[in-house]
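Below is one structure, written out as structure tokens, with a few remarks after it.
The values are calculated or read from the model by the stated rules, or taken from the named source; none is laboratory data. Only a predicted model underlies this, so the values are computations on that prediction, with no experimental measurement involved. Quick reminder, even Gly has a Cβ in these numbers, built from the backbone with ideal geometry, and neighbours come from all protein chains shown.
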Amino acid sequence: MTVQSLLEPITPDAIRDNSELTLPGAENWMQGRTLYGGASALVAYVAAIRKFTDLPPLRAAQVAFVAPVGGEVALSAEIVRQGRNVTQVRSAIAVGGQLALTAFWLFGAGREANAQHPAPALDPAPPPPEKFESLEHDKAPAFIANNFEIRRAQDASFYEASGPNEPVVRRWVRLTRDTGLDPIAEMVLLGDTLPPGAMRAMKRPGPLSSINWSFNLLDTEPSTRNGWWLAETASEYADDGFSSERLRLWNADGRQILAGMQSAAIFG
């Protein structure tokens, strides 16, 4: 099933009533016992924009993954504050009457720029996705195997610049089918695709889990070539079973689209 099937039951009336919904095809988006973080964040985002239909573009978000999200959910959304340019909306997912995800969305209309500073160029820039083979999904979570094509983006030049043991994961990623989503919604779905960079610093194999995700969108009309996006997760500090992660997303031409942070739990 497509992601549009997953989102179909999210109607203004259902959100207003806070009634329990069944998300069709949720099993295609699972990561272990919970809905993949990008998919669950997308559900909360769609709840916000379908209840409040005249919002300006999304600029930033803070998402807390509180508990596992399954196929049976109840959704809520409320405007926290609405100013002349900025509207802040809070949405939530409940499972079995208990909070499972809460998100704070910042929507902002553009205005004349008083400061301009482009994101730094990616250095070293990776070879294009066409230079790499698609990775096998034999051991990947369901949401990867069913919905994503992933290719390497780290070659010899990357390791020469950063070192082979740096806790950084870079991959070319794209969805295997057209989602029909608007470009910003697709960024919400894609931005949390990769595992934490701390996996490269682990002493032994073990599970990892995202706890939260905060991001800024650098482009309100993101676009790329052939559906390919360059995703990166990098551990900036890891100890005591936690990792502070930097998440970034570029389009195929090297233009940065998303800048984020995340706290991840490192088990095992």
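Take ALA48 and tell me if it is within 25 Å of PRO222 (Cα to Cα) and assigned by TED's automatic domain parsing to the domain that holds TYR36.
Working: within 25 Å of PRO222 (Cα to Cα): yes; assigned by TED's automatic domain parsing to the domain that holds TYR36: yes.
Yes; evaluated as a whole, the condition is true for this residue.
For the condition aliphatic (A, V, I, L, M), touching a residue at least 60 places away in the same chain (Cβ under 8 Å) and surrounded by 14 or more Cβ atoms within 10 Å (Cβ to Cβ), what is the one hit in ALA60, ALA47? It would help to see each step written out before you state the result.
Working: ALA47 fails: touching a residue at least 60 places away in the same chain (Cβ under 8 Å).
ALA60 is the lone residue from the list that is aliphatic (A, V, I, L, M), touching a residue at least 60 places away in the same chain (Cβ under 8 Å) and surrounded by 14 or more Cβ atoms within 10 Å (Cβ to Cβ).
Tell me whether region 197-213 contains one or more residues that are without any contact (Cβ under 8 Å) to a residue 24 or more places away in the chain, on the phi > 0 side of the Ramachandran plot and not β-branched (Val, Ile, Thr).
no
Looking at the structure I just gave you, is ILE49 at pLDDT 95 or above and among the β-branched types (Val, Ile, Thr)? Talk me through it step by step, then tell me what you get.
On the way: at pLDDT 95 or above: yes; among the β-branched types (Val, Ile, Thr): yes.
Taking the combined requirement at face value, the residue satisfies it.
Go through region 231-260 and give me each residue that's surrounded by fewer than 16 Cβ atoms within 10 Å (Cβ to Cβ) and farther than 16 Å from SER209 by Cβ.
Those that are surrounded by fewer than 16 Cβ atoms within 10 Å (Cβ to Cβ) and farther than 16 Å from SER209 by Cβ: GLU236, TYR237, ASP239, ARG246, ASP253, GLY254.
I need the helices (runs of 4 or more DSSP H) fully contained in region 1-70, keeping only those with at least 2 residues that are under 14 Å from ALA100 (Cβ atoms).
On the way: elements: 3-7, 12-17, 37-51.
Answer list for region 1-70: 37-51.
Residue pairs, Cβ under 7 Å, 6 or more apart or interchain, first in region 67-86 and exposed (fewer than 14 other Cβ atoms within 10 Å of the Cβ), second in a loop (DSSP other than H, G, I, E, B) and of a type in the set (A, V, I, L, M). List them.
ASN85/ALA109
Output yes when any residue across region 204-218 is touching an Asp or Glu at 6+ places or on another chain (Cβ under 9 Å) and farther than 19 Å from TYR36 by Cα, and no when none is. Step through it out loud before you land on a result.
Going through region 204-218, the residues touching an Asp or Glu at 6+ places or on another chain (Cβ under 9 Å) turn out to be 210, 213, 215.
Narrowing further to those that are farther than 19 Å from TYR36 by Cα: none.
So far as region 204-218 goes, no, none of its residues is touching an Asp or Glu at 6+ places or on another chain (Cβ under 9 Å) and farther than 19 Å from TYR36 by Cα.
Do we have any residue at all in region 228-246 that's touching a strand residue (DSSP E or B) at 6+ places or on another chain (Cβ under 8 Å), in a loop (DSSP other than H, G, I, E, B) and in contact (Cβ under 8 Å) with a residue 60 or more places away in the chain? Give the derivation first.
We begin by selecting, within region 228-246, every residue touching a strand residue (DSSP E or B) at 6+ places or on another chain (Cβ under 8 Å); these are 228-238, 241-246.
Still in the running and in a loop (DSSP other than H, G, I, E, B): 228, 241.
Checking which are in contact (Cβ under 8 Å) with a residue 60 or more places away in the chain leaves us with 228.
Taking every residue of region 228-246 in turn, at least one turns out to be touching a strand residue (DSSP E or B) at 6+ places or on another chain (Cβ under 8 Å), in a loop (DSSP other than H, G, I, E, B) and in contact (Cβ under 8 Å) with a residue 60 or more places away in the chain.
Is at least one residue of region 124-138 touching a helix residue (DSSP H, G or I) at 6+ places or on another chain (Cβ under 6 Å), modelled with pLDDT under 90 and in a loop (DSSP other than H, G, I, E, B)? Steps first, answer last, please.
Just the residues of region 124-138 that are touching a helix residue (DSSP H, G or I) at 6+ places or on another chain (Cβ under 6 Å), to begin with: 124, 137.
If we keep only those that are modelled with pLDDT under 90 as well, we get 124, 137.
From the residues that got through so far, the ones that are in a loop (DSSP other than H, G, I, E, B) too are 124, 137.
Checking region 124-138: at least one residue is touching a helix residue (DSSP H, G or I) at 6+ places or on another chain (Cβ under 6 Å), modelled with pLDDT under 90 and in a loop (DSSP other than H, G, I, E, B).
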